[in-house]
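For reference, the structure is listed below as structure tokens.
The values are calculated or read from the model by the stated rules, or taken from the named source; none is laboratory data. Here the structure is a predicted model, which is why all the values come from computation and not from measurement. Please note: Cβ atoms are built from the backbone with ideal geometry, for glycine as well, and neighbour counts cover all protein chains shown.
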Amino acid sequence: MIGYLSGKLLEKEANTVIIDVNGVGYEVTIPLSTFYELGEIGDEAELRIFTYVREDTLQLYGFKTLREKELYLKLISVQGIGAKSGISMLSGMSADEIIVAIRTDNLARLTSIPGVGKKTAERIVIELRDKLNDLTTGETVATMNQDSKPVEGVDEVYDDALSALVNLGYQQNAAAKALKKAVNEGTEMSVQKLLRRSLQLLAKG
């Protein structure tokens with residue numbers, strides 16, 4: 001059972017990375033919060049891993065911090081939250097925001113995440129409200145490497161950001177509208193910054 005990986009970033013996309021560990025490439029599904037924290041291709045990377053095993057599936061899910069992984073494991077313990085939807089939750093909101101929303105019974109905030117309906121949000125609050133004592137808020141929210149350079153090619157950056165939002169469950173029209181607004185606001189044309197601002201806009205509705 002894989003619980004941790006350390007190696008070089010071979011490939012990096014908004015939802016997945018491949019980490020080269022001594023010549024073996026491990027494909028790992030990640031939330032956007034982890035994507036923001038990782039360096040550039042060729043940099044060293046460390047991830048906490050949850051190995052998802054079913055009869056016909058073996059999938060690795062990676063997290064920058066142990067805290068994120070622990071919150072993820074609590075989320076997927078709730079009926080209606082699967083392995084992929086747990087990743088979507090951590091992509092749509094930071095760990096701090098999720099914890100606060102659960103503790104304050106903020107169902108509207110939770111249901112703003114694609115795939116999380118009112119009944120699921122209610123189950124999350126009921127089942128996890130008293131189980132988050134070991135996950136205190138206040139840890140630095142994932143931020144992007146300030147030295148990271150924008151990806152070359154404006155169209156490519158826009159398309160990559162739009163694809164990531166659609167993969168997270170947002171309707172293409174809504175995602176495109178948020179992206180255009182982010183661009184018009186003068187947001188730097190990098191995938192990380194466009195995704196971050198677009199998610200903020202989508203959360204506001």
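Overview of results
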| read-out | value |
| --- | --- |
| Selection status of Glu97, free of Cβ contacts under 8 Å to residues at least 60 places away in the same chain and not β-branched (Val, Ile, Thr) | yes |
| Filter result for the condition that a residue is under 12 Å from the mean Cα position of the chain (by Cα), within 26 Å of Gln171 (Cα to Cα) and either in the same structural domain as Gln192 (by TED's automatic domain parsing) or among the small types (Gly, Ala, Ser) (or both), over Gly82, Gly62 | Gly62 |
| Residues within the stretch 87-108 that are more than 23 Å from Gly39 (Cα to Cα) and buried (at least 23 other Cβ atoms within 10 Å of the Cβ), tallied | 2 |
| Looking only at the stretch 53-73, and only at residues there that are touching a Lys or Arg at 6+ places or on another chain (Cβ under 6 Å) and part of a helix (DSSP H, G or I), the one that is farthest from Ala121 (Cα to Cα) | Leu66 |
| Scope the stretch 177-199; condition closer than 17 Å to Val166 by Cα and polar (S, T, N, Q); matching residues | Gln192, Ser198 |
| Total residues in the stretch 162-205, condition in contact (Cβ under 8 Å) with a residue 40 or more places away in the chain and not in a helix (DSSP H, G or I) | 5 |
| Answer residue from the stretch 1-41, given it is touching a strand residue (DSSP E or B) at 6+ places or on another chain (Cβ under 6 Å) and of a type in the set (Gly, Ala, Ser) and is modelled with the lowest pLDDT among those | Gly3 |
